[in-house]
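In what follows, a structure is listed as structure tokens, so that the remarks can point back to it.
The values are calculated or read from the model by the stated rules, or taken from the named source; none is laboratory data. Predicted model, so just to flag it, every value in this text is computed and none were measured. For neighbour counting, all protein chains shown are included, and Cβ atoms are generated from backbone atoms with ideal geometry for every residue, glycine included. Surface accessibility is based on the protein's heavy atoms, side chains included, excluding ligands, DNA and RNA. Shrake-Rupley method; radii C 1.70, N 1.55, O 1.52, S 1.80 Å.
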Amino acid sequence: MGNSSSEHVDVPAYLARLGVEHEPPSLGALFRLHTAHVERVPYEDLEVQLGRVTSLDPAVSFDRIAAGRGGYCYHLNGAFSVLLKALGYQVTRHPGGVQGHGETAGIHLNHLPLTVTGLPEAPDVGWLVDVGLGDGIHEPLPLREGEYKQGPLVFRLRASEITPGGWRFDHDPQGSFDGMDFAPETAVMSDFTEKHVELSTAETSGFVRTLVLQRRDADGVDSLRALTLSRLPGVKTVLESPADWWTAIEDVFGVPRGEFTGDEQDTLWRQAVSQHESHVAEGSEVLPSA
């Protein structure tokens, strides 16, 4: 699986964060872990908004998530892969690339997907496991070509056209990106270092341009982009006061306000206001691709 540090992580604390019991590997257990993760651990870029380049060490991400925070794909899938390995699953990290709307497909290393194999009920079937796509899958998908409906979203899996032996995930047209390709090779976390720094610091990065939180459940997706809270399917609401904004971050996405100092809270609010005003002026909203 690469350079993980699963022997140093607190598995009971992570399972407690997910609200699930320790159980041996099985297809049902994998589904319970995956759905609990996307429902309880948000996709979020708040550290980037505070000007911090976070560690890619999965053990560091593991501890941060167990303590109540989220992250984006490198953190979420990195930590989840460590948890799965510690629980006895055969899990592999892969080099991937998310294709934003209007972008070119490619293995851009702006995404880290996972696959799981060797489950007792279906030892010859591989599964796409990805808790780091924001508004992506709610449950694992079997690595078989076809369409898969989960709640209001319909996904498609097919052979990748850009990486031999790889897979293509086509997002629902309602989603925040077009799709994702991943290669069959095994990735190590250091493969993503350069891209992670770029996504965390470059002025063109969606993570730098837009404060975002997302949370998936069986019936849809909650998203916060700057000041705009939306529910898919549903309506959008602009949160015009810091009190309402922080209430949404805590109640909808499960990120405790107390995780941040008063100055950090003010900084995040001001960033969101500035971004909202900019997006309104531009007539667009940019969602990060990672």
Q. Which number in (1) crowded, with 19+ Cβ neighbours inside 10 Å; (2) without any contact (Cβ under 8 Å) to a residue 24 or more places away in the chain marks the one condition that residue 62 misses?
A. (2)
Q | The one condition in (1) within 28 Å of residue 90 (Cβ to Cβ); (2) outside any helix (DSSP H, G or I); (3) out of contact with any helix residue (DSSP H, G or I) (no Cβ under 6 Å at 6 or more places or on another chain) that residue 139 fails to fulfil | A | (3)
(Q) Based on this model, can you work out whether residue 281 counts as part of a helix (DSSP H, G or I) and either modelled with pLDDT of 95 or more or among the β-branched types (Val, Ile, Thr) (or both)? (A) no
Q | Qualifying residue in the stretch 86-103 (condition: open to solvent by 20 Å² or more (accessible area, probe 1.4 Å), at pLDDT 95 or above and either closer than 23 Å to residue 219 by Cα or assigned to a helix (DSSP H, G or I) (or both)) | A | yes
Q) Restricting the search to the stretch 161-175, which residues are outside any strand (DSSP E or B) and out of contact with any Pro (no Cβ under 9 Å at 6 or more places or on another chain)? A) 161, 162, 171, 173, 175
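Considering only residues of the stretch 128-169 that are small (Gly, Ala, Ser) and open to solvent by less than 10 Å² (accessible area, probe 1.4 Å), which is farthest from residue 71 (Cα to Cα)?
This residue is 166.
Being out of contact with any His (no Cβ under 7 Å at 6 or more places or on another chain), acidic (Asp, Glu) and farther than 27 Å from residue 170 by Cα narrows it down to one residue among 45, 57, 130; which is it? Show your work before the answer.
On the way: 45 fails: farther than 27 Å from residue 170 by Cα; 130 fails: farther than 27 Å from residue 170 by Cα.
Matching residue, one of 45, 57, 130: 57.
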Q. Out of the residues in the stretch 196-234 that are more than 27 Å from residue 18 (Cβ to Cβ) and of a type in the set (D, E, K, R), which is surrounded by the fewest Cβ atoms within 10 Å (Cβ to Cβ)?
A. 203
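Tally time: how many residues in the stretch 170-190 are closer than 13 Å to residue 112 by Cα and surrounded by 19 or more Cβ atoms within 10 Å (Cβ to Cβ)?
Restricting attention to the stretch 170-190, the residues satisfying the condition of being closer than 13 Å to residue 112 by Cα are 180-190.
Cutting the leftovers down to surrounded by 19 or more Cβ atoms within 10 Å (Cβ to Cβ) gives us 180-183, 187, 189.
Total meeting the criteria: 6.
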Q: Only residues that are in a loop (DSSP other than H, G, I, E, B) and out of contact with any Asp or Glu (no Cβ under 8 Å at 6 or more places or on another chain): list them for the stretch 178-193, please.
A: 183, 184, 185, 186, 187, 188
Q) Looking at the stretch 30-46, which of its residues are touching a residue at least 40 places away in the same chain (Cβ under 8 Å) and not β-branched (Val, Ile, Thr)? A) 30, 31, 33, 34, 37, 39, 40, 42, 43, 44, 45, 46
Q | Odd one out for residue 125 among (1) hydrophobic (A, V, I, L, M, F, W, C); (2) assigned to a loop (DSSP other than H, G, I, E, B); (3) open to solvent by less than 10 Å² (accessible area, probe 1.4 Å) | A | (3)
